[in-house]
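**Student:** Quick one: this structure, given as structure tokens, is what I'll be asking you about.
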Amino acid sequence: MEIEFTLNGKMTYEEIADDTTLFHLLRRKGCYSVKCGCETENCGLCTVLVNGKSRLSCSFLAARANGCEVVTLEGVEKEAKLFGSYLAAEGAEQCGFCSPGLIMNVLAMEREEILDDEGIKEYLAGNLCRCSGYMGQLRAIKKYLSRGEKRDEL
Amino acid sequence: MIRFKNYVKAENLEEAFALNQKKSSVIGGGMMWLKVQSRVKMTLVDLSGLGLDGIEEKEDEFSIGAMCTLRQLETHEGLNACFNGVFKECTRSIVGVQFRNGATVGGSIFGRFGFSDIITCLLALDTYVELYKGGLVPLEEFCRMKSNRDILVRIHIKKDGRRAVYASQRMSKTDFPVIACCAAQKAGKLYVSVGARPAKAELVVLEENQNCLKEELAKRASERFTYGTNMRGSGAYRKNLAEIYIKRLLEALDQEER
Amino acid sequence: MNYKMRTVNTSVVKKDAMALVTGKPVYTDDLAPGDCLIVKVLRSPHAHALIKEIHKEKAERVPGIACILTYKDVPQKRFTMAGQSYPEPSPYDRLILDQRMRFVGDAAAIVAGETEDAVDHALRLLKVEYEVLEPVLDFKQAKDHSVLIHPEEDWLSLCPVGADNKRNLCAAGREEHGNVDEVLKQCDYVVEQVYHTKANQQAMMETFRAYSYLDAYGRLNMVASTQVTFHVRRILAHALDIPKSRIRVIKPRIGGGFGAKQTVVAEVYPAIVTMKTGKPAKMIYSRYESQIASSPRHEMEVHVRVGADKNGILQAIDVYTLSNTGAYGEHGPTTVGLSGHKTIPLYRTAKAFRFAYDVVYTNCMSSGAYRGYGATQGIFAVESAVNELAEKIGMDSVKLRELNMVKEGDIMPAYYGETLNSCALDRCMARAKEMIRWDEKYPRVDMGNGKVRGVGVAMSMQGSGISGLDVASVELRLNDDGFYTLMIGASDMGTGCDTTLAQVAADCLECDLDEIVVHGTDTDVSPYDSGSYASSTMYLTGMAVVKASEEMREKILKKGAQYLNCPEDSLEFDGKRVYQPSGELEISLKDIGNKVMCFNEDMLTAGACHTSPVSPPPFMVGMAEVEVDKETGEVELLDYVAVVDCGTTINPNLARIQTEGGIAQGIGMAMYEEITYSSKGQMLQNSLMQYKLPTRQDVGNIRVEFESSYEPTGPFGAKSIGEIVINTPSPAIADAVANAVGVRVRELPVTAEKVYWGMNR
């Protein structure tokens, strides 16, 4: 079947099998940032944005992407570099395999609501990391979210 | 891997129902469990084009479409205001936000899963399931029904002034629950549901008794359920947990009142 | 020569950071050619069985299938999949495909095809007739069981590790110092207990994977997510029965290892497919396969006896470890040693000690290397026993350690007789006490709301490389314009060693970090390195970098002298130029780098190989604060503090992240992760839905500080940090729970239900 959707800002037409997942389609189209870490929707590595919401591309049918706006890390390179530089400044991007999924969910979180530490952890709970122990990621996220705030307001 | 043969986006409920009568068909709601169900010759009937993804607050009830996501349930202001935030409580521990952006109310309920926080919570409220052919069925009755090829269209939760509180215990914060409990109170009656026993949630209704200690009430309530053993816990432990959490929920309801 | 620390001990950003955070395609599956044959393995549903017949005709006829291999199609030379220096202590007990299935998930056949669909279809059509045999699933019954896991005549043990396949023994041993039984009899206080740790999965985010192809010379090239490129080359040569010179192994960016990829788990399958078909082949392990057929931590049952006199001075320590190596012997003989060698030496006062062990085969998944490598299991046991001893004596468990812990300058009879040249364990303990406010909180604080808080402590040591064995080499090259290429054989698995080794080089060569280009690892190009395991990378490879840098400086000076036409001893090199301190003459490094491209006979390359007769231990103290629900037994981890002595921290940020990450994994082992089997030998935690890795909500607040000693044999005083960081959480958390509610959990993980029954016995 044929679908039509916006991928990273560009209108895209694709011929897909009925059971193609968005994950496989995205990698086929060169979005190698999207990773797969499990088969049970537990790891969050495959997170992308669909119509602004963070979704697990491994269990999202490509057929359903018809008419949608899909964004991967490749489509938000500027924001990725910006938030990524906070991660890098903590040394918190270790093997990097969980980074794309985490960054997409952080961007979704930033757009959705303002949260305290516990709220941030809960929002990102579906993004597993085995290398960093999560502390460095939280330090980076907090610094990133409060960027541009004047020191005396903090 | 998700594997199936045909994808059909249903344009109306009649079409969805007709397609679903074939043994090789599966309804695609949130599709979070599709990998487990995958069969090579399967037809997937997608309901996402039927406009069933809204939460409507009416004067006497909430009408929630089957394609509403768990995240919508979690964040809906009206629902949480009306029921003391139980909808946030019973959804927040489910895997992660991305998962809840996909999983649907219909999928959670139709599956009648033992581990379902959602069913446990809804059972303590005045909830009805709206089936396409079967019409309105009280949730408790629906849970006891055998799974058939009907389509779950909506659920209805009556706004009857019930106050509800929810608690669960998990081995890690986003794991399946070891036990799930919900208690609601209205007009001298206590509605107590316990799920993840590990079997699916069941409801017990008690008379509120001011003279009876909460511990005693909780004990009586917990004894009305049966409990089993699985990887996450023993039946004996679950029974004790149910008693403890029901007591705590009853105490919380009391506090709320004051 | 002593160099100033300029980038060393600073938190420079990793060289590959931006590529990783912008999702660049640098991992194995991103690099694999699009036309790779897809390789999958048919896995045995039985824990113990013999293949009588495989019917593959129908499967072979599926369009797109390139080959289907069975035990009849593979070389009959047994080998080991363990990534260890040759000759390996691990027994040679594997074939690429065997007729005997030894665990649920063991490989019965290999299928390769053009698409995943074709391969899956063929797998469904394969019919295997099994003769099902009785499995041995209880490791306590395995030794001398009538059922043998490896009865074959061509099973081989190259090293004297006490292995005996006719007794289901993969290794056995015993060491004694003094008369432990006599000394224990004299003790005023004795604790004798048994502690049980389970198998755990490393569960790195990137599963096992590799692809292979034949290059222009007809050689087998393998790109693998591995920690041990050189061992992979040797193991493939053994497995395929071809010369090592016909194989090349390349490591790209990898998504975590933690020891899992120190075993050659996936590589043999695409390798043999490429050899048979001549085509590129790729295998990506699913998470399911990575859970049931991988290389997890060895399950161990550790029997500990510790005795002290009435003043709390330890007199004797007796450790017996029973280790479950599973279906194959990888890392079985070697992990068990650490359960004694990295525990007993923590205590300087014990007059007598004994360490004995048995490592047994069972029909469970084959165990492998996981961070800590046996020390983790031993530390849980010994530190728990010491905490129980403190309880028996009625002494604060921190004080008990202060009285008995090893000190800098000690000679350690329980640690190969090595002298401890660098140790800040006492400062670690003191600082950790302050950080968690131990004196206010020990042993417990009742919160008055049905919850009670408790604190617990544990300390640990590890090693830095394997003494007398591990070899690390590097090569440095000076390029035009004066930048350097640093060729390493060590594997950066996300830890950042590409960057930290460059830091060492930059400071030795007195140049900017950007002037060092790091290349690793490719067996055709990189100098030999045992691989990234045993916490050897900074200590050994880092020292090789120091040595190579020194040689490079000498060569630059010599060349500069030649160009300036003046004696070498009148010149100095400051990283930017060769110059006369008491004169005018100078030539820049840039000019030297450019001039040597013309009419020159002196290669400005330097190489060094380093090994060490000693393995100086890093040290660590971990303290946990938990809150226990007195009714349900639920345990909430509130706070975890850790103070680490890894010698100098080459990159404080990366050292901190290593520690936080290791502690999180340790918390998983302590509270959430478990591997168990059904009565038929099926591994039950076969997905991330069942095997619960800690999420960011499950690790409480982790706080890390460093108390640095200075190790004279390490680069800039550094020891190691990679493994020690996972060892303290299990005993510290179990201790905190015991202090809170009086329930001592001796079998991991610590769960609410165990605490509940402990309180309600």
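**Student:** Which whole-Hz couplings ³J(HN,Hα) result when phi for each residue of region C:418-431 is put into the Karplus expression 6.51 cos²θ - 1.76 cosθ + 1.60, θ = phi - 60°, listed in order with x for Gly and Pro?
**Tutor:** Calculated HN-Hα couplings, in order: 6, 8, 8, 8, 8, 7, 10, 4, 5, 5, 4, 5, 5, 5 Hz.
**Student:** Separate question: Let me understand chain C better: what is its radius of gyration from the alpha carbons, and its Dmax, in angstrom?
**Tutor:** 27.0, 88
**Student:** Which value, in nm² and rounded to one decimal, describes the direction-averaged projected area of the C-alpha convex hull of region B:37-109?
**Tutor:** On the way: hull surface 23.5 nm².
It is 5.9 nm².
**Student:** Something else now. Can you pick out the pairs among B:LYS158/B:LYS200; A:LYS10/C:LYS282; C:LYS127/C:LYS261; C:LYS58/C:LYS282 whose Cα atoms lie more than 26 Å from each other? Before the final figure, lay out the partial values.
**Tutor:** On the way: B:LYS158/B:LYS200 22 Å; A:LYS10/C:LYS282 32 Å; C:LYS127/C:LYS261 31 Å; C:LYS58/C:LYS282 23 Å.
Pairs exceeding 26 Å: A:LYS10/C:LYS282; C:LYS127/C:LYS261.
**Student:** How would you order B:58-69, C:621-632, C:423-434 from highest to lowest mean count of nearby Cβ atoms within 10 Å? Walk me through the intermediate numbers first.
**Tutor:** Values: B:58-69: 18.4, C:621-632: 25.4, C:423-434: 20.7.
Per-residue Cβ counts within 10 Å, averaged per peptide and sorted highest first, yield C:621-632, C:423-434, B:58-69.
**Student:** Now, a different point. Could you tell me what fraction of 2.2 N^0.38 Å the Cα radius of gyration of the protein assembly as shown comes to, as a two-decimal ratio? Kindly include the intermediate steps, with their values, before the conclusion.
**Tutor:** Numbers: Rg = 30.8 Å, N = 1173, 2.2 N^0.38 = 32.3 Å.
Compactness ratio reported: 0.96.
**Student:** What area, in nm² and to one decimal, does the C-alpha convex hull of region C:583-738 cast on average over all directions?
**Tutor:** Its Cα hull, projected and averaged over all orientations, spans 18.4 nm².
**Student:** Continuing with this model, one more query. Expressed as cubic angstrom per residue, what is the convex hull volume of the alpha carbon set of region C:475-527? Please report the intermediate quantities before stating the final value.
**Tutor:** Working: hull volume 3.7 nm³, N = 53.
Expressed per residue, the convex hull around the Cα atoms of region C:475-527 is 69 Å³.
**Student:** From the cross-link list A:LYS78/A:LYS143; A:LYS121/C:LYS24; A:LYS121/B:LYS173, which pairs have alpha carbons spaced over 19 Å apart? All intermediate terms of the calculation are to be shown ahead of the outcome.
**Tutor:** On the way: A:LYS78/A:LYS143 17 Å; A:LYS121/C:LYS24 26 Å; A:LYS121/B:LYS173 11 Å.
From A:LYS78/A:LYS143; A:LYS121/C:LYS24; A:LYS121/B:LYS173, over 19 Å: A:LYS121/C:LYS24.
**Student:** Would you list the P(r) distribution for region C:520-581, with all Cα-Cα distances sorted into 5 Å bins from 0 and each bin expressed as a whole %?
**Tutor:** In order of increasing distance, the bins hold 4, 16, 19, 15, 12, 10, 11, 9, 4, 0 percent.
**Student:** Suppose the Debye formula is applied to equal point scatterers at every Cα of region C:467-610; what is log10 I(q)/I(0) at q = 0.11, 0.12, 0.16 Å⁻¹?
**Tutor:** -0.41, -0.49, -0.79
**Student:** Quick one: which residues, 5 or more positions from C:ALA108 or on another chain, have an amide H under 5 Å from its amide H? H modelled 1.01 Å from N in the peptide plane, none for Pro or chain starts.
**Tutor:** It is C:LEU42, C:ARG43, C:SER44, by chain and number.
**Student:** Using only the Cα atoms of region B:6-46, each taken as one equal point scatterer with no solvent, compute I(q) by the Debye sum, divide by I(0), and report log10 of the ratio at q = 0.24, 0.29, 0.35 Å⁻¹.
**Tutor:** Log-scaled intensity ratios, in q order: -0.77, -1.05, -1.31.
**Student:** Here's another thing I want to ask about it. Could you tell me how many degrees, from 0 to 90 and to the nearest 10, lie between the Cα long axis of helix A:135-145 and the main elongation axis, the longest principal axis, of the Cα atoms of chain A?
**Tutor:** Helix A:135-145 sits roughly 90 degrees off the main axis of chain A.
**Student:** Also: If you wrap a convex hull around the C-alpha atoms of region C:241-355 and split its volume per residue, what is the figure in Å³?
**Tutor:** Values: hull volume 20.8 nm³, N = 115.
So the per-residue hull volume is 181 Å³.
**Student:** Output the relative contact order of chain B, whole-number percent, from Cα pairs under 8 angstrom with separation of 6+ residues. The partial results should precede the final answer.
**Tutor:** On the way: 544 pairs, mean separation 39.2, N = 258.
Relative contact order comes out at 15 percent.
**Student:** Evaluated at 10 °C with a viscosity of 1.306 mPa s, what Stokes-Einstein diffusion coefficient in µm²/s does region A:1-129 have when Rh comes from the Kirkwood expression over alpha-carbon pairs? Can you show the working numbers first?
**Tutor:** Details: Rh = 15.0 Å.
Answer from the Stokes-Einstein relation: 106 µm²/s.
**Student:** Right, next: So what are the ³J(HN,Hα) numbers for region B:199-207, from phi and the Karplus equation (6.51, -1.76, 1.60; θ = phi - 60°), rounded to whole Hz, Gly and Pro as x?
**Tutor:** 3J(HN,Hα) across region B:199-207, in whole Hz: 5, 6, 4, 10, 10, 10, 10, 10, 7.
**Student:** Show me, for region A:121-126, the HN-Hα J-couplings you get by feeding each phi into the Karplus relation (A = 6.51, B = -1.76, C = 1.60, θ = phi - 60°), rounded to Hz, glycine and proline as x.
**Tutor:** Going residue by residue, I get 4, 5, 4, 9, 4, x Hz, with x marking Gly and Pro.
**Student:** Suppose only helical runs count, i.e. DSSP H with n ≥ 4. What mean residue ellipticity at 222 nm does that imply for chain B under -39500 (n - 2.57) per run, divided by all residues and rounded to the nearest 500 deg cm²/dmol? Can you show the working numbers first?
**Tutor:** Values: 11 runs with 86 residues, N = 258.
Dividing the helical sum by the residues of chain B leaves -9000 deg cm²/dmol.
**Student:** Where a Cα-Cα gap under 27 Å defines reach, which lysines qualify for C:LYS433, not counting those fewer than 8 residues away within the same chain?
**Tutor:** Straight-distance partners of C:LYS433: C:LYS310, C:LYS342, C:LYS392, C:LYS399, C:LYS407, C:LYS441, C:LYS451, C:LYS630, C:LYS719.
**Student:** Okay, next question. In terms of modelled amide H atoms, which long-range or inter-chain residues lie less than 5 Å from the amide H of C:ARG577?
**Tutor:** Correct list: C:LEU589.
**Student:** Here's a follow-up. Along each principal axis of its Cα atoms, how long is region A:76-147 end to end? Whole angstroms, biggest number first, please.
**Tutor:** That gives 28, 25, 18 Å along the principal axes, largest extent first.
**Student:** Normalised by the residues of region A:2-74, what does the relative contact order come to in percent, with Cα pairs under 8 Å and at least six apart? The partial results should precede the final answer.
**Tutor:** On the way: 135 pairs, mean separation 30.6, N = 73.
Result for region A:2-74 is 42 percent.
**Student:** In the P(r) worked out for region B:55-158, what percent of Cα pairs fall beyond 25 Å? Walk me through the numbers on the way to the answer.
**Tutor:** Numbers: 638 of 5356 pairs.
Every Cα pair in region B:55-158 considered, those over 25 Å come to 12 percent.
**Student:** Let me ask something else about it. Using the Cα gyration tensor of region A:2-74, with a ≥ b ≥ c the square roots of its eigenvalues, what is the shape: rounded (a/c below 1.5), prolate (a/b larger than b/c) or oblate (neither)?
**Tutor:** On the way: a/c = 1.63, a/b = 1.34, b/c = 1.22.
Prolate, since a/c reaches 1.5 and a/b exceeds b/c.
**Student:** Which pairs in the list B:LYS35/C:LYS279; B:LYS41/C:LYS680; B:LYS88/C:LYS692 are over 29 Å apart, alpha-carbon to alpha-carbon?
**Tutor:** The answer is B:LYS35/C:LYS279; B:LYS41/C:LYS680.
**Student:** Given R₀ = 45 Å, what would the calculated FRET efficiency be for B:LYS22 paired with C:ASP154, taking r from the Cβ atoms and rounding to 0.05?
**Tutor:** Working: r = 55 Å, r/R0 = 1.23.
Efficiency, rounded to the nearest 0.05: 0.25.
**Student:** Which lysines, on any chain, are close to C:LYS559 with Cα under 23 Å apart, when same-chain ones fewer than 8 places away are left out?
**Tutor:** C:LYS547, C:LYS576, C:LYS590, C:LYS595
**Student:** Just to confirm the filter: which GluC sites (Glu not before Pro) across region C:112-169 are DSSP coil and have at most 10 other Cβ within 10 angstrom of their Cβ?
**Tutor:** Numbers: sites: C:GLU114, C:GLU116, C:GLU129, C:GLU131, C:GLU152, C:GLU153; in loops: C:GLU114, C:GLU152, C:GLU153.
Answer by residue number: C:GLU153.
**Student:** With an 8 Å cut-off on Cα pairs and a minimum separation of 6 or more residues, tell me the relative contact order of chain C in percent. Walk me through the numbers before you get to the answer.
**Tutor:** Values: 2002 pairs, mean separation 115.1, N = 761.
In percent, rounded to a whole number, it is 15.
**Student:** What are the residues whose amide H is under 5 Å from the amide H of C:SER709, where those residues sit 5 or more places off or on another chain and H is modelled from the backbone?
**Tutor:** C:ALA424, C:CYS646, C:GLY647
**Student:** Using square roots of five times the C-alpha gyration tensor eigenvalues, list the equivalent-ellipsoid semi-axes of region C:299-372 in whole Å, biggest first.
**Tutor:** On the way: eigenvalues 171, 25, 13 Å².
Computed over region C:299-372, the values are 29, 11, 8 Å.
**Student:** Can you give the log10 of the normalised intensity I(q)/I(0) at q = 0.14, 0.17, 0.18 Å⁻¹, computed with Debye over equal Cα scatterers of chain B?
**Tutor:** At q = 0.14, 0.17, 0.18 Å⁻¹ the computed log10 ratios are -0.94, -1.32, -1.44.
**Student:** Over region B:173-258, what per residue volume does the convex hull of the Cα atoms give, in whole Å³?
**Tutor:** Working: hull volume 7.8 nm³, N = 86.
Taking only Cα atoms, region B:173-258 has a hull volume of 91 Å³ per residue.
Bear in mind these aren't lab numbers, they're just calculated from the coordinates by the rules spelled out. Predicted model, so just to flag it, every value in this text is computed and none were measured. FYI the Cβ positions are ideal-geometry reconstructions off the backbone, even for glycines, and counts take in every protein chain you see.
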